[in-house]
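The values are calculated or read from the model by the stated rules, or taken from the named source; none is laboratory data. A quick note: this is a predicted structure, and the numbers were derived from the prediction, not measured. Every residue, glycine as well, gets a Cβ built from its backbone with ideal geometry; the counts of neighbours run over all protein chains shown.
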Amino acid sequence: MTSRAPPLDAPRITRDAGGNAFLEGFDGAVTAAGLGGVLALAIAAAPTGITVADPALPDCPLVFMNPAFTRMTGYSPEDVLGRNCRFLQGRGTEKESVRALRLAVAAAKPITLEFTNHRKDGRRFVNELRMAPVLDEAGQLIAYIGIQHDVTARKRAEREAAKARRAAERANQEKSDFLAFMSHEVRTPLHGVMGTLSLLLDTALDAEQRAFAETAQRSGATLLHTVNELLDLSRIEAGKLGIHADPFALADVVKDVLDLLAPAAAEKGVELSASLDHLLPGQLIGDPGRIRQVLMNLADNAVKFTHRGSVELRIAALPDGHVGFAVTDTGIGIPTRLRQTLFTRFAQADPAGEQIGSGLGLAICKRLVALMGGQIAVDSTVGRGSTFFFDLPLAHVPESGTPPTRMAPQPVLVQPLGGAHGRILLAEDGKANQLVAATILRKAGYTVELARDGAEAAAAAESSDYDLILMDVRMPLMDGYAATRAIRALHGPRGRVPILAMTASVMPGDAELCTEAGMDGHLPKPLGRAELLAAVHRVLDARPRRPRVAIPEAEPGATAPLLDRETLEELRSAVGPGRLPRLISVFTAETKERVRRMHALTDPQRIEDEAHSLKAAAATFGAIALRDAARALEEACHSGEPASWRRILDVLPGLAERSIAAFPPPRTEARARHDRDPKGH
Ligand code: ADP
C-alpha cells in the first residue's frame, strides 16, 4: 500500500549537477549542501540505487534519491520524494521480508534482505535492499540509507543453475542405476558362460576343442574384467566408492599380486619379484582391496608389456611418512605422447598393437590413488622399460613386527575339496547358473536341492532342514530379500539357517540390503568355482552342530575347548589394551549370577531367553564350550522337551566354573599388557 506523506512546508525538489534529487524546504538532515560536491557526483554515478529517508518527518519519507534508483524502479523524484518507500511493495512481496524490515526499522538496526518489488510500470524485480540507520554524534537517529540492487537476473540464473544441477544429478543417478542394471544383465549370463566353459574344460576334449574352449574362457575373463572396470569408474565418478581404513598386512597384498601374476610371468620367462623396506611395520591402516587393485593393475601391465627381463615391485617407507610403491619393468616403454594422456580414460598405445585392453585401468588407478590421498606418476624410456610410482598416507599399526623384505611368488597350493558334505538349497532362476553352481557343489560332495524362485525357496526352507541356502537376489515372484525375510520369520533353527546372497549387482549399498534382509553374506556373481567352494566351506565349517534336541550324549560343549585365545586377543585389540581384565571380571560375575538365576527358573521360555544372552556373551569372550552349551540349551528349550533342557541346565554351573577358571588371572593379564607395551601406551 502506498500512502502519501502529509504535505511538507513548501516542499521543493532540487537536482544537483549529477542528477541526484533532494527534497528541500524543511529542516531535514540531508541537503544538497550537506552532501558535498565530489561525493554527490560519485553517488550520482553509482549503478546502485541509493535513497535517504528522514525519520524526523511524518511516515519517514524519502528525501533523497540518486539517478540509479530511477533507472531501477522507473519512478522519477517527483513521483516519490516525500513518500514512504513502501510504494515499491505490492502483490508478490514476501510478507516475512516486510515484517523483518519493519522490525529492523523500529529497532534502528541495519538489515539486508531480498524481496520482490514493483517498478512503476508494474513489472516485478527482486530488490536486494540494505537498510542502515544513520546516527549523529549524540547517537540520535537522523536518517535511513537504502542501498538497492536489482538482482532479478542473478536470481533467475541461480534458479536455472539449481534446476540444471538437479537435472544433472538426476541424469547421473539414472546413469548409475542403468549401469547397475546393465551390470546385472551382463554379469548374469556371463556367469553362465564362464561356469559352463569351466565345466566343459573338465570333460574329455580333444586338443582342438580344448583350445577353442580355452580361447572362449580367456575372452570371457577379459569381458568380465572390462565390465568390472566400467562399474568401478562409474562408481568413482558418482562419488559412491568408499575407501576402507582397516588394519592389514602389506606383505599379504604383495603376495596376492605376485601369486596371481606368477603364471603369466613364468610363461613369458619374465622374472617377477618384490621387495619391502625393512622400516615398514607389519601392519598398516588402509584399504587393502583397493591397494591390491592398483598394484595388480600396474604389475599386470608391466608383465603384459615386457617380453624379456624382469618386473619388480618395490615398497618403501618415505621420509614424509607415506608409503611409496614402485612397479618397474624392462619392457617396451611408453612413448612421450601416450605418457601425457595415460591416466585419462581410454588411453591406449598404437591400436594396431597386439595388446589392447580397455584403456580404463590407469584412469581407475589414478582416481583410486587420489581417493586414498596419494599421487601416481610414471617414468619411462621407449625400449628400456617403465616405472610407475604411487604414494599413500597409510597409518602404522604400532608394534606389529616387520614384514619379510624379499618376496617371490609361491607355488600355488590347490586344496583338495572332495568329500565335503552338507545339504544346500540353491535358489536361482537362471537355468545355466543353476546348472553351473549345482554341478560344482555336487562334484565337491554336497547335496544340492533347487528352488526356481523366492517363494519356492521360502517354502522349501520351511519344510526341510538345510545347512546353507544360496539365494539369488533377483528372482521372479518373490525376490531373494523377501524370501530371506520370510525364512527369518520362521521359528526355530529353520529360521536361522545360514543364507548367502548371490548377486551380479555390485552397486554400493547391495551388501547392506542383504544384511538388512537377514542374510549372512554376499557373493558377487559370476563366482568362480574356487570362490564358491571357499565361501560355502567357510559357512559350513563354522556351522553349529545340528541342534541337539535329544538328550546330548556327552556333556554339551565337552568337546569344544573352554577358551578360544584368538577371540580373546581380538577382543583385547578391539577394546584397547588395559580394558580386558575389567571386562572379563564383569563377564564372570554376570555369568555366575545368570547361571544361578537360570537354575531357579522353571519356565522354558525364560530359560531360553537367558540361554540366548549367555550364548552371546560367551561367544564374545571366546568361552566356546559355554557358548555351545548355551546354544544347545536354547534349542532344547525352544523344542520344549523338558528332559533335554534339564539335563543341560544341570551341567551348566560346572561348565561355567571351568570356563571362568580358564581365563587368564588379572595379574597375568597385566603382565601380558606390559610385555606388549612396556611404556604403558
Ligand atoms: P589397458 O586396460 O588398455 O591396459 P591401462 O589404462 O592399464 O589400460 O593402460 C593404458 C595403456 O598404457 C596400455 O594400453 C599401454 O599402451 C600403456 N601401458 C601401461 N602400462 C605400460 C607398461 N608398463 N609398459 C608399456 N606400456 C604400458
Check your understanding: For the range 446-506, which fully contained strands (runs of 3 or more DSSP E) count at least 1 residues that are of a type in the set (Gly, Ala, Ser)?
Key -> 447-451, 499-503
Point to revise | Where a residue in the range 637-648 is farther than 17 Å from ALA600 by Cα and its partner, wherever it lies, is not in a helix (DSSP H, G or I), with Cβ under 7 Å and at least six apart | key: HIS638/GLY492; SER639/VAL549; GLU641/VAL549
Check your understanding: From GLY239, GLY289, which residue is surrounded by fewer than 18 Cβ atoms within 10 Å (Cβ to Cβ) and in a loop (DSSP other than H, G, I, E, B)?
Key -> GLY239
Check your understanding: Of all residues in the range 354-400 being touching a Phe, Trp or Tyr at 6+ places or on another chain (Cβ under 8 Å), within 11 Å of the ligand (Cβ to nearest atom) and assigned to a loop (DSSP other than H, G, I, E, B), which is modelled with the highest pLDDT?
Key -> LEU360
Revision key, fill the gap. How many residues of the range 287-304 are within 13 Å of the ligand (Cβ to nearest atom) and among the basic types (Lys, Arg)? The answer is 1
Practice item. Count, please, the residues in the range 15-54 that happen to be at pLDDT below 90, more than 23 Å from ALA106 (Cα to Cα) and outside any helix (DSSP H, G or I). Key: 14
Practice item. Just one of (1) within 27 Å of LEU231 (Cβ to Cβ); (2) at pLDDT 95 or above trips up THR344, so point out which. Key: (2)
Exercise for review: Scan the range 305-331 for residues that are farther than 19 Å from LEU276 by Cα, in contact (Cβ under 8 Å) with a residue 60 or more places away in the chain and more than 11 Å from the ligand (Cβ to nearest atom) and jot them down.
Suggested key: GLY309
**Study point:** Residue in the range 583-610 that is nearest to ARG572 (Cα to Cα), counting only those that are surrounded by 12 or more Cβ atoms within 10 Å (Cβ to Cβ) and hydroxyl-bearing (Ser, Thr, Tyr)
**Key:** SER585
Check your understanding: Can you tell which of GLY654, GLY622 is within 26 Å of ARG496 (Cα to Cα) and out of contact with any His (no Cβ under 6 Å at 6 or more places or on another chain)?
Key -> GLY622
Check your understanding: From the list ARG235, ARG218, which one is closer than 22 Å to MET194 by Cβ and of a type in the set (Lys, Arg)?
Key -> ARG218
Point to revise | Residue check, GLU593 more than 27 Å from GLY492 (Cβ to Cβ), of a type outside the set (Ser, Thr, Tyr) and modelled with pLDDT of 80 or more | key: yes
Check your understanding: Do we find a residue being within 14 Å of the ligand (Cβ to nearest atom), more than 19 Å from SER380 (Cβ to Cβ), in contact with a Lys or Arg (Cβ under 9 Å, 6 or more places away or on another chain) and not basic (Lys, Arg) anywhere in the range 277-286?
Key -> no
Review point. With respect to ALA168, is the statement that it is assigned to a helix (DSSP H, G or I), loosely packed, with under 11 Cβ neighbours inside 10 Å and not charged (D, E, K, R) true?
Key: yes
